[in-house]
Amino acid sequence: MSRITRRSYTDEFKQSALELLGEGMTQKQVCADLGISKSALQAWVRDSRLREHGLEPSRDVEESRAQAAALKRIPELERENKILREAAAYLSQANLKLGGHHPK
């Protein structure tokens, strides 16, 4: 019977792995160079992204699934906001060209 052992990594080690990704290394390279599993690295990336958006990563399975769904939705919402900002700027300029009134 095989026994699964969980290794514990320091926050500094995890941050170093994330920095290597930020410098352009692939996940495969980082895993090979540091001797870590792909699933561990992917979890660190997910946790980092959650923290960037003000969320604390959860170890609860259901909450973790909800957080993963939120991470997938964030880029879509950012694109929608950009489109709305551009539309508002365009409409504002169009209103000025037509001699619209400015609110007091």
For the range 4-57, which positions are within 16 Å of Ala70 (Cα to Cα), open to solvent by less than 50 Å² (accessible area, probe 1.4 Å) and not polar (S, T, N, Q)? Ala43, Val45, Asp47, Leu50, Pro57
What number of residues in the range 37-61 are at pLDDT 95 or above and farther than 23 Å from Gln27 by Cα? 0
Which condition number does Gly100 fail, the rest of (1) over 30 Å from Thr10 (Cβ atoms); (2) open to solvent by less than 50 Å² (accessible area, probe 1.4 Å); (3) modelled with pLDDT of 90 or more being met? (3)
Any chance you could count how many residues in the range 58-80 are open to solvent by 90 Å² or more (accessible area, probe 1.4 Å), closer than 17 Å to Asp47 by Cβ and under 15 Å from the mean Cα position of the chain (by Cα)? 2
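Name the one entry in Ala87, Ala94 that is open to solvent by less than 80 Å² (accessible area, probe 1.4 Å), hydrophobic (A, V, I, L, M, F, W, C) and either modelled with pLDDT of 90 or more or at positive phi (or both).
Numbers: Ala94 fails: either modelled with pLDDT of 90 or more or at positive phi (or both).
None of the others qualify; the one that does is Ala87.
The values are calculated or read from the model by the stated rules, or taken from the named source; none is laboratory data. As the structure is a prediction and not an experimental result, all values here were calculated from the model. Note: ideal-geometry Cβ built from the backbone for every residue, glycine included; neighbour counts use all protein chains shown. To get the accessible areas, we keep the full protein, side chains included, count just its heavy atoms, and leave off ligands, DNA and RNA. Shrake-Rupley method; radii C 1.70, N 1.55, O 1.52, S 1.80 Å.
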